[in-house]
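Read through the structure below, which is laid out as structure tokens, and then see the notes.
Every number here is computed from the coordinates shown, using simple stated rules; none is lab data. The shown structure was predicted, so the numbers you read here are calculated from the model rather than taken from an experiment. Every residue, glycine among them, receives a Cβ derived from its backbone with ideal geometry; neighbour counts consider all protein chains shown.
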Amino acid sequence: PNGVPTFTSADKAFSFQPVGRIHLDYGYNFQDAKNPDTRANKDITDGFNFRRAYIGFAGKAFNDFTYNVTADFPGRFNQSGRLQTAQLTYTGYKGWLIDVGAMQPAFTFEDSISSNDIGLLERPGINNVVTGLIASEGRLSAGVRTFGDNYFADVYLTGNSVNTSPFGSTTVLTSTGGATASVTSSAVTGVADDQKAAFARAAFRPINDEHTIVHIAGDVGYMYAPPQTNGVNAAGSHVLALSERPENRYGGLGSILNTGNINADSVAIYGGELAARYDSFWAQGEGYQIDVKRRKDLSTATNDPSFFGYYAEAGWVLTGQKRNYVANQGAFSAPTVDKPLNPGAGQWGTWEAVARYSFLNLNSDTWATNTANRVRGGQQEVWTLGLNWYMTSNVRFMLDYQFIDLKKYSSATNNTQVGDNWQSLGGRVQFTF
Amino acid sequence: PNGVPTFTSADKAFSFQPVGRIHLDYGYNFQDAKNPDTRANKDITDGFNFRRAYIGFAGKAFNDFTYNVTADFPGRFNQSGRLQTAQLTYTGYKGWLIDVGAMQPAFTFEDSISSNDIGLLERPGINNVVTGLIASEGRLSAGVRTFGDNYFADVYLTGNSVNTSPFGSTTVLTSTGGATASVTSSAVTGVADDQKAAFARAAFRPINDEHTIVHIAGDVGYMYAPPQTNGVNAAGSHVLALSERPENRYGGLGSILNTGNINADSVAIYGGELAARYDSFWAQGEGYQIDVKRRKDLSTATNDPSFFGYYAEAGWVLTGQKRNYVANQGAFSAPTVDKPLNPGAGQWGTWEAVARYSFLNLNSDTWATNTANRVRGGQQEVWTLGLNWYMTSNVRFMLDYQFIDLKKYSSATNNTQVGDNWQSLGGRVQFTF
Amino acid sequence: PNGVPTFTSADKAFSFQPVGRIHLDYGYNFQDAKNPDTRANKDITDGFNFRRAYIGFAGKAFNDFTYNVTADFPGRFNQSGRLQTAQLTYTGYKGWLIDVGAMQPAFTFEDSISSNDIGLLERPGINNVVTGLIASEGRLSAGVRTFGDNYFADVYLTGNSVNTSPFGSTTVLTSTGGATASVTSSAVTGVADDQKAAFARAAFRPINDEHTIVHIAGDVGYMYAPPQTNGVNAAGSHVLALSERPENRYGGLGSILNTGNINADSVAIYGGELAARYDSFWAQGEGYQIDVKRRKDLSTATNDPSFFGYYAEAGWVLTGQKRNYVANQGAFSAPTVDKPLNPGAGQWGTWEAVARYSFLNLNSDTWATNTANRVRGGQQEVWTLGLNWYMTSNVRFMLDYQFIDLKKYSSATNNTQVGDNWQSLGGRVQFTF
């Protein structure tokens, strides 16, 4: 279906297929120098970025096992390949899937949609922050999924992500957004224990017919052991920093929103999902709250910070096809491409228009009297308009135009505004198999 | 056989198959803080590690050539992929194989067993130290193997390993154990010549029938040109350091045993192998001596240090199958899996229990009057008990419990004990094709 | 044809094949210490180098799209894999190809020959410098090729190369020769815009029959926006450095020829190609000029520097076969291997002898009165003799002997000679599919 063969043994107990995914972005930021200019990022890089470049294998063995081993070679320059997925799934019980390995476990609606199929270039900020803490790609995971005609549910134990760089290196340029655990160089000397978390997601489809799908879901997550860098009770032992970029990655922009390090005892996450499709129209929205419980024994702060975000997104398949729904992920996939590009035959693929409003707040106790309680990670609002051209089922062009409004104070005690307000144009060439 | 198709041309002159190997470890170290505590590694990392993550291709071309090109994406975090194997073999003469490229040439019994098939999570320390000097994975090699019903022999010229990091970087966390040649940053400016070595291995099977196999072998190796970092006769020009970890890798533990840098003129290695199988019981043992000849013109040391180690390992395939023997490697492979997991049909795979005692001594002239002669790399004893569950021929779960006793003096002139004595529990999910 | 299967769907709309390419070099430099010795590189590394180690996929989808996704794992040691090619081509218009992605677009004759098929270990210095600026492997490119029985033409827009390391890191050891844009660490903070360039190449074959081919071509290129590291009008904002190694890469030699940083407004490149084949004899030659326009507002220099180089190369297929010509690249490929190695059948493959003279001048205004105008990048002359043994169509051994004469002044104001004059022996094992 995706342009590569799937090899299947005569008894159908075994199958095999190559995996490839290229997402090449190019973007430009419209920014003007002001005078005076306190903005922290007033001349953001314009340029290209291999957002994803996967090479791998997937298949089925002995009837009841499926696997996926994939490497990713992302980045703007000479950046190195790394493991993206190493997933083993046991499929021996009908309607149930048991997963173990490094994967992108299904947490939140948008993160359960394949990156090949998402409506805009990047997922909403709040989803990246939430999954960056305890789910997201390359996450060490063990869990169970169950699904049927009208429901999907999963529960996972998760650890670190193999895509997280714990050493604060320059590879931050291509790391997935969200939280990067500040497991600093002490990891090198062997004194760093992995984080531990659990999450669950449950989704229902009260309406699910040929024209109409309505999807309602809830998500809860809990990081009960943040990554440990020093001794259990030493200062700087369980440090988290939540951060995010303005919903684009071309040009290698680093995170502007950033809470700085928080000594955390645990993190609780909860939120909900709503999605619907009516023929070629679709809409989805989600909202999440993040409650961080501080290690107050290691800090002069007395409050537990909270962060939140939400978004609403809607799309219209201009050429009349419908978005599909993937039962074993509990989420949308791309619209059908029933007329792949063939100018001679008058076929021009599938076209789709998308719009989204997204809000993310990484501030907490911004004006607390005890300045140790202040977390001034910043907040961002992003409006995005997008146009997607599915030339075939495995070739897609995307064009996004963003209105970014980013507000951030210089520091906990300095009220200078270092955020910015600008527009950005980005495109993607995508081919996958 | 391993769950992926092998594609063969109609005339059988060509064949092709994908290669994948995932070894995902998770481990925990039982350690208590003491007071006072001089231990160098008193809080070893607990966590996961992708011990191996291979993606590659293997095949046959023009009847007489076979090849293997494989990359590895190991590690705990955002660590980069690297070349693992790039091997070309000429098979045109029956009973003979001519190899060239980067490979893991068959040196020592345990290192000739595929990492998919070894009885415990890691090979014995002495084998890692010995092969880390002149063989081991990713080693630039050119050589010849010959084998028949009752014998195996090989001889190779070897150079550097493409898996060795010569720059003392943080990638030590995932490098293969054994010696890491201290080719420091001078390599960057182009002043570093490769090491050169040769080895031979000869094995015989005096008994070799359906029930019983007895294997006897000898191994000799000689590094005649250690890696050169500066001018031939400059201080620090041919520097070696032997090191090893306590027979586990989860948690990214660095080497504790470490001789420090030795200015070496040459290194001689010799030892022997004994292995036997009687139906579902098997046993193997090896011992090696390492004699380093110093560059005495570049040092105040007057003695040539020697190091040694040995181990004994035994296993029992609880479900009655037998370990197999691979003629063209001269070593065991995994037991047969004739009843792959299928709970409905009452099939539960193959189960195996393994035990090992391993000893490694990287001390030499520990109490010499001339302290320049003292090499206090430390010594370790490790008892390991293991349980292996082969769910199918390509999916294996492993569980190891270790009793580690590690003794090391703080330095050549400081007799403080910095070693430790602890227990460790580790597991592995393995899937391969 | 190359020893791996190509899988084609029943309707021929889809096809797929794995891609592998191993080039393993080993080399030795004959150098003597002199006294006094001012040479900058008097003890060049002897050793091995994985010049190329590709793993990837190529194929066709929906009749009119072809793709290639390939990673490279080159280097001497623990160096990391990176993206090599991610190319999407639309083939829907006969005689035309539309390319987008990261690729090696066809610029200059030698660079349009596959690295599997080039006559000597490395391409001529001038080609590496020219393509290193605006073409070469891993280059972000969008363009069009057209070709027929007697012509080839292309035009491309290009950006950065994903194989360029912008951070001045140690990976320079394995980077492709030519220019490395000095996009320094400021890139990390997001203040670096990509370079932008365009080029065109047009080739004609006035004679093109079974025995004789004559090829004439012209190449022009223009970098209208060098990479921007700081603000547009800040010092050090558009910095280029042209550099090259002495036409070998084994041993990880860094560039000796190097212009140092030049603040550039634009770069113009023009030159010509001449190639011919008469049965088993072939010859080719090219010459290029590089004109750099300075940012004189940011420098005390008043002149615009120019650089140039050329080479002449000839070969003889000793066993009588012919080199082939690839119409859609406008360049030679390897000679046919109609008798693959099979000693039993008296078949010994194809043998070829090659010789080349190559000249490269990276000096400009060497003795200008205004020393700011002096660019003393050095000049090199290299004579190379080569012998190629094509054992099969996918296995090749190469042996090159070089006479290298390299002249370089210590600095713009110091006339000490730091170049060298030496001989070098290198070999390559190559297997590809």
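The table for this structure:
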{"quantity": "Rounded to whole Hz, the Karplus (6.51, -1.76, 1.60) HN-Hα couplings of the range C:107-124, x for glycine and proline", "calculated": "9, 6, 5, 5, 6, 8, 8, 4, 5, 6, 10, 4, x, 10, 4, 10, 6, x"}
{"quantity": "Amide H contacts of C:Gln347 (H built 1.01 Å from N, under 5 Å, at least 5 apart or other chain)", "calculated": "C:Asn342"}
{"quantity": "Using a 7 Å Cα-to-Cβ projection, C:Ser306 label spacings across copies, nm, ascending", "calculated": "7.2, 7.2"}
{"quantity": "Neighbour cut-off at most 13 other Cβ (10 Å), DSSP loop, chymotrypsin sites (Phe, Trp or Tyr not before Pro), the range B:352-388", "calculated": "B:Trp367"}
{"quantity": "For the range A:371-433 and the range C:197-216, distance of Cα centres in Å", "calculated": "48 Å"}
{"quantity": "Cross-link pairs beyond the 25 Å C-alpha cut-off, checked among A:Lys296/A:Lys407; C:Lys196/C:Lys296; A:Lys42/C:Lys196", "calculated": "A:Lys296/A:Lys407"}
{"quantity": "Overall form of the range A:248-322 per C-alpha gyration tensor (a/c, 1.5; a/b vs b/c)", "calculated": "oblate"}
{"quantity": "Under-5 Å amide H pairs with B:Ile256, H placed in peptide plane, nonlocal only", "calculated": "B:Glu244"}
{"quantity": "Where chymotrypsin sites (Phe, Trp or Tyr not before Pro) fall in DSSP loop in the range A:279-351, at most 16 other Cβ within 10 Å", "calculated": "A:Trp348"}
{"quantity": "Fewest-first ranking of C:Leu341, A:Leu83, using other Cβ atoms within 10 Å as the exposure measure", "calculated": "C:Leu341, A:Leu83"}
{"quantity": "Cα-based shape type of the protein assembly as shown, given that a ≥ b ≥ c are square roots of the gyration tensor eigenvalues and the cut on a/c is 1.5", "calculated": "rounded"}
{"quantity": "Per-residue Cβ neighbour rank within 10 angstrom, fewest leading, A:Ser266, A:Ser161, A:Ser80, C:Ser358", "calculated": "A:Ser266, A:Ser80, C:Ser358, A:Ser161"}
{"quantity": "The range B:15-432 - charge dipole about Cα centre, Lys and Arg +1 at Cβ, Asp and Glu -1, debye rounded to 20", "calculated": "500 debye"}
{"quantity": "Three-way shape call for the range A:366-433 based on the alpha-carbon gyration tensor, with the a/c threshold at 1.5", "calculated": "prolate"}
{"quantity": "Candidates per trypsin sites (Lys or Arg not before Pro) in the range C:69-141, loop by DSSP, up to 13 other Cβ within 10 Å", "calculated": "C:Lys94"}
{"quantity": "Over chain A, equivalent-ellipsoid semi-axes from the Cα gyration tensor in Å", "calculated": "35, 27, 21"}
{"quantity": "Farthest toward positive dipole pole in the range C:300-433 [+1 Lys/Arg, -1 Asp/Glu at C-beta], among C:Ala412, C:Thr366, C:Phe308", "calculated": "C:Phe308"}
{"quantity": "Separation of alpha-carbon centers, the range B:36-72 and the range C:91-165, rounded to whole Å", "calculated": "35 Å"}
{"quantity": "Residue exposure sequence - A:Val418, A:Val292, A:Val239 - by fewest surrounding Cβ within 10 Å", "calculated": "A:Val418, A:Val239, A:Val292"}
{"quantity": "Sequence ranges B:123-134, B:48-59, ranked by mean other-Cβ count within 10 angstrom, highest first", "calculated": "B:123-134, B:48-59"}
